[in-house]
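A short reminder: the numbers here are calculations on the coordinates, not readings from a lab. Nothing here was measured: the structure is a model prediction, and the numbers come from that model. A quick note on method: Cβ atoms are made from the backbone with ideal geometry, for glycine too, and the neighbour counts reach across all protein chains shown.
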Amino acid sequence: MQGEGNAGILYCNLLRLSPESRAVARQVIEAALNEIAELAREFDLKPVEKDLTATVAAAMSTDWVHLCDARSDTLVQYGAVDPRLAQTLDPRLNRLAEMALLLAAAMKG
């Protein structure tokens with residue numbers, strides 16, 4: 001709710017809300033957070049830690065699959081593929097796929 005979105009190198013997430021809708025959403029979120037805080041106090045609930053290493057490892061494994069599926073030999077199932085992609089795109093996708101596996105392994109160790 002702080003802005004209209006965020007952007008990476010190859011994506012841009014947008015949240016297009018009118019100022020009125022944004023204000024209503026902020027009020028509802030604030031009320032919900034207050035309610036949660038009251039429940040936590042009333043029932044003496046403590047925050048739970050969530051270790052994200054397994055989540056990141058799983059995401060990197062999934063990313064590895066997507067990167068492998070984007071190689072030129074797999075893209076032919078969608079239509080004609082320029083044969084030069086095997087030399088220009090595939091080595092870079094292979095490097096990125098290897099990095100994804102390295103990150104997945106790093107999360108496990």
Open item on the list: If I filter segment 36-58 for residues that are more than 30 Å from Leu96 (Cβ to Cβ), in a helix (DSSP H, G or I) and within 23 Å of the chain's Cα centre (by Cα), do I get at least one hit?
Closed with: no
TODO: Please give the number of the condition Ala97 fails out of (1) out of contact with any Cys (no Cβ under 6 Å at 6 or more places or on another chain); (2) under 18 Å from Leu10 (Cα atoms).
DONE: (1)
TODO: Could you run through segment 59-85 and say how many residues are in a helix (DSSP H, G or I), closer than 15 Å to Leu96 by Cα and not polar (S, T, N, Q)?
DONE: 9
Open item on the list: If I filter segment 28-39 for residues that are free of Cβ contacts under 8 Å to residues at least 60 places away in the same chain, surrounded by 12 or more Cβ atoms within 10 Å (Cβ to Cβ) and not basic (Lys, Arg), do I get at least one hit?
Closed with: no
- [ ] Inspect all residues belonging to segment 18-30 and state whether any of them is of a type outside the set (Asp, Glu) and in a strand (DSSP E or B).
- [x] no
